[in-house]
Amino acid sequence: MTGPTKQGVGNFLAKQGILIAFVIFMIGFALANQRFIAMDNIFGVVRSSAILGVMALGVTFVVIGGNLDLSVGSMMSFSTIVVLDLHDKVGPALAIPMMFALTLLLGAFIGFLVGYLKLNSLIVTLGMLSAIHGLTLTWSGGKNMDIADKSGTWFSFFGQDRIMGIPVPILIFALLAVILSMVLSKTPFGRKVYAVGGNGQAATFSGIPRARIVFMTYLVSAFCVATAGLLQASRSLGSQNTVGQGMELEVLAAVILGGASLLGGSGTVFKTVIGVLILGFIQNGLLLVGLDFYVQYMVTWAIIILAVWLDVAAKRGRLWSPIA
Amino acid sequence: MTEQTPILRLEGIVKTFPGVRALDGVSFDVRPGEVHALMGENGAGKSTLMKVLGGIHAPNEGQIFIAEEPTIMTSPIQAKAKGVVFIHQELSLAGELSVAENIFLGELPRKSFGRVDWAKLYTDTDKILKTLNVSFNARTRVGDLSIANQQMVEIGRALTVDPRAVIFDEPTASLTDAEKVVLFDVIADLQARGVGIIYISHRMEEIFKITDRISVLRDGQYRGTLNTAETNEDAVTQLMIGRSLDLSRNESSHDMGDVALEVRGLSCGSLFNDVSFAVRKGEVLGFYGLVGAGRTEIAETIFGLRTPSAGQILLNGQEVRITSPIDAIRLGISLVPEDRKDQGLVLGMNCRDNMTLPQIGDLTTGPFVSNGAEVAIFDQYRDKLDIRTPGWRQTVGNLSGGNQQKIVIGKWLSMRPEVLIVDEPTRGIDVGSKSEIHNLIRELAAQGYAVIVISSEMPEVLHVSDRIVAMFSGAVMRTFTAEEVTEDNLVQAISGITPQKVA
């Protein structure tokens, strides 16, 4: 009987497909270019993925809860500009908590609209993408924002320092990933997020306050965005108003690559981290094999489509189906 | 019925899936002008058999004959071309299109350059609708029709070819009694035209009303065919589950305690009006009425899902204010909802997580959910309710309907409620699990729970209830004790015939 074994393998592939794809892909690029697996290259990729990664952690909560967040890129620009501006006005020690508070306020507003008023999250966050961009420009007067004394501030710690040889952004990304993974998989709140995203009506019938849970997922997302903004600002100590532009789609791509369903109710923090790394290493690998930077936009898109296709194909048991 | 050439015959059909023998040598035949019931518990192989017949699955062994001609089915479209059409339980209509477009979907009559021949489309459709005797016309938008009329459109679709055999899969699942009568007329009409009909249903009443023969499947095996006129429900049930089912009237055998829940003059807009009743500890109070009589809405109001416009709810003699399910749960009220899949369960979650969902916030050590406490609850209620699952990690969506329902019941029993409301406890559940759930409800009452059972099935209400509240059009018509109630006076009460109102 080969039947059960074959099914077992198929099952394993369907569940761990993304991890296997990741490994195959790393080996492929490593064979093509030795530099790819050099330690400094790997650190470089993970560090440049950290900002995207931190944002993707938050969006994972929103997506599992059954909603979308397309405002994160625009909101990250806001956080970056605000913290840089406040840095010179009130000092870094006050600037950071004030920036977090303001970003959380934006998250709370979105959470209120989507959770309590039950408005469609696609419309709300797409609108907020534009509205927050306007807010950022208003704040900065449209100018780039720079810290006056770039060498004399400890603010650069978050984006530029290393602890025991490891870049701080990587440590923050890892720490946040571990904490949020625990929150999602081990706490009652995490379980409620899955329930609300899996079947909102059944969650209500089980006495779960659906509106509050959705609201909370947007707060988690805003907290992650504020952290990402801090890393971005600290790394460059100066920024354009559009620093986060387009990142909402990359973030969403990483979450989907990780295998979270856009319908809600499934996904994990660990899988999102894998999704983020795949995206980062693909872009790095393409550069190393000598392709133009612009090509990566197209390749990234193709890989996402491929991932989604393989995901549905694994679920329905064949690549091609006349019915969905 | 005399021996005729069968219009459709299956011989020794075997279908295996990895690890499962879903169909194991199934043979039966359908004669022209016959209504042939196909019965069996969930998982007995009815759906697989229909998929083989429709060409979706190829059988491993066996042969299908149409008019005694061996035929290999390759797709539902090819089956239809051979005159074998399916009326599915779940309607597959395009709501935004007209009746005519739906009936001829995929085969619209054409003029030159691929233009649709609308005139022909509408006249052809009207011809079909005429045989169905319906009140809507070819141009009506399907989304505007009632479920029953949508089903008529689905049947109309079958009539675009000259069907030789029509398969109805649970056609009455969402129909009212009046709508059923219309459906049965259509079936009788098809019968008169010499069409052979396979009728799949769980409802004994209907089976005995309209079918000529009954074939039974159990665990993928063919158990035999009975002539409807020469058998009875008991014999059929025995074939289906291998034992007979007790549906005798309830006789209260235990003492009742104080009033647990009392409702006084409760109203909710136009849904129900001035409803009063009380249920004691150890009592099962049945609610019976037609769909739309307001029973579910009362339960939802007590559970905090709707806001009452007037009236009081008293728990153990104290008036309580319930504005959300969270309040209701805290006060010790549990609701097993009507729609298991939409309201009762998160189908993608595992068994344990579903069961502990309402109390997950209390099952913690420190900030984290305690795995041990959760598994302990699951194990306790799996044993108590005899839930058959490979383990708590099993996704609930993969369980049978009966086991799913037990998960929902377990979820609410584990909250140790004072009042348990069960809305349609056995909807879409096979006969064997049904009697288990009935026994369970009686047992819970004996243990001192106050239980409210809402049901649309009269035998069920009669079987489990100590008293029965009959509702009609949002009002309580009468409350019967087990001694007073008869099928006749109950039917009269829910049809609004008895004017007297006894609180």
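Tell me whether segment B:385-468 comes out rounded, prolate or oblate; compute the Cα gyration tensor, take square roots of the eigenvalues as a ≥ b ≥ c, and use a/c under 1.5 as the rounded threshold. Oblate, since a/c reaches 1.5 and b/c is not below a/b.
Other residues within the sphere of radius under 13 Å centred on the Cβ of A:MET76, judged by their own Cβ, net out at -2 (K and R +1, D and E -1). Counting only Cα atoms, I'd like the Rg/Rh figure for segment B:342-416, Kirkwood definition for Rh. With Rh from the inverse mean 1/r over Cα pairs, Rg/Rh is 0.94.
Charged neighbours of A:TYR116, selected by a Cβ distance under 11 Å, balance to +3 (K, R count +1; D, E count -1).
Ellipticity at 222 nm from helices only: DSSP H runs of n ≥ 4 in chain B, each -39500 (n - 2.57), divided by the residue count, give -9000 deg cm²/dmol.
Given their separation in residues at 0.36 nm each and the Cα-Cα distance between them, A:ILE166 and A:ALA108 gain 17.5 nm when the chain is fully extended. Pairs from the table (B:LYS341/B:LYS384; A:LYS271/B:LYS411; B:LYS281/B:LYS384; A:LYS192/B:LYS411; B:LYS46/B:LYS80; B:LYS51/B:LYS80) lying more than 25 angstrom apart at Cα are A:LYS271/B:LYS411. Taking only the alpha carbons of segment A:72-152, we obtain Rg and Dmax values of 14.3, 47 Å in that order. Rounded if a/c is under 1.5, else prolate if a/b is larger than b/c, else oblate: which is segment B:1-114, with a ≥ b ≥ c the root eigenvalues of its Cα gyration tensor? Because a/c hits 1.5 or more and a/b exceeds b/c, segment B:1-114 counts as prolate.
Loop sites here are trypsin sites (Lys or Arg not before Pro) outside DSSP states H, G, I, E and B with no more than 11 other Cβ atoms within 10 Å. The longest part of chain A free of them is A:144-317.
Each Lys or Arg adds one and each Asp or Glu takes one away; over the other residues whose Cβ falls under 9 Å from the Cβ of B:MET355, this sums to +1. Partner shielding of B:330-338 amounts to 1, given as the average count of beta-carbon atoms from other chains within 10 Å of each residue beta-carbon. In the distance distribution for chain B, Cα-Cα pairs more than 45 Å apart total 20 percent. Projected label points at B:SER400 and B:ARG115, each 7 Å from Cα along the beta carbon direction, are separated by 5.8 nanometres. Give the longest segment of chain B that steers clear of GluC sites (Glu not before Pro) in DSSP loops with at most 13 neighbouring Cβ atoms within 10 Å, not counting the sites themselves. Formally, the longest exposed-site-free interval is B:252-482. Mind checking which aspartates and glutamates have their Cα closer than 20 Å to the Cα of B:LYS120? Skip sequence neighbours fewer than 8 apart in that chain. Within reach: B:GLU101, B:GLU107, B:GLU154, B:ASP162.
Annotation for segment B:19-75 versus segment A:47-80: alpha-carbon center distance of 52 Å. Of the residues in segment A:198-237, those shielded by at least 30 Å² of accessible area once partner protein chains are present, compared with the chain alone at a 1.4 Å probe, are A:ASN199, A:GLN201, A:ALA202, A:THR204, A:PHE205, A:SER206, A:GLY207. The orientation-averaged projection of the convex hull spanning the C-alpha atoms of the protein assembly as shown amounts to 43.2 square nanometres.
For segment B:95-193, trypsin sites (Lys or Arg not before Pro) are listed when DSSP marks them as loop and at most 10 other Cβ atoms sit within 10 Å of their Cβ; the list is B:ARG115.
Axis angle, to the nearest 10 degrees, between helix B:401-413 and the longest C-alpha principal axis of chain B: 10 degrees.
Averaging Cα coordinates gives a centre for segment B:454-468 and one for segment B:401-423; these two points are 18 Å apart.
For the pair B:VAL375 and B:THR225, the difference between a 0.36 nm per residue extended length and the Cα-Cα distance amounts to 49.5 nm. Rolling a 1.4 Å probe over the protein heavy atoms leaves B:ASP466 with an accessible area of roughly 10 Å². Note on A:129-140: average number of Cβ atoms from other chains within 10 Å of each residue's Cβ is 0.
Interface burial in segment B:343-361, defined as at least 10 Å² less accessible area with all protein chains than with the chain alone at a 1.4 Å probe, covers B:GLN343, B:LEU345, B:VAL346, B:MET349, B:ASP353, B:LEU357, B:PRO358, B:ILE360, B:GLY361.
By a straight-distance test (C-alpha under 19 Å), which aspartates and glutamates pair with A:LYS89 as possible cross-link partners, with residues fewer than eight away in the same chain excluded? Counting by Cα, and skipping residues close in sequence, A:LYS89 has these aspartates and glutamates nearby: A:ASP146, A:ASP149. Roughly how many whole Å is it from the C-alpha centroid of segment A:205-268 to that of segment B:173-234? Using only Cα atoms, the two centres lie 55 Å from each other. Per-atom-type breakdown for segment A:45-311 gives carbon and sulfur 69% of the accessible area (1.4 Å probe, protein chains only).
Taking chymotrypsin sites (Phe, Trp or Tyr not before Pro) in DSSP loop states with no more than 10 other Cβ atoms inside 10 Å as exposed sites, chain A has its longest site-free stretch at A:1-292. For the pair B and A, the buried accessible area comes to roughly 1900 Å² in total, with a 1.4 Å probe and the value rounded to the nearest 100. Overall shape: oblate for segment A:45-311, with the ratio a/c of the largest to smallest alpha carbon gyration tensor axis at 1.5 or above and b/c at least equal to a/b.
Site pair B:GLU68 and B:GLN492 shows an inter-label distance of 5.5 nm when each label is modelled 7 Å from Cα along Cα→Cβ.
The values are calculated or read from the model by the stated rules, or taken from the named source; none is laboratory data. For clarity, every value in this text was computed on a predicted model and none was experimentally measured. Note that we place each Cβ from the backbone using ideal geometry, even for glycine, and neighbour counts take in every protein chain shown. Each accessible area value is taken on the protein alone, full model and side chains, heavy atoms only, with ligands, DNA and RNA left out. Shrake-Rupley method; radii C 1.70, N 1.55, O 1.52, S 1.80 Å.
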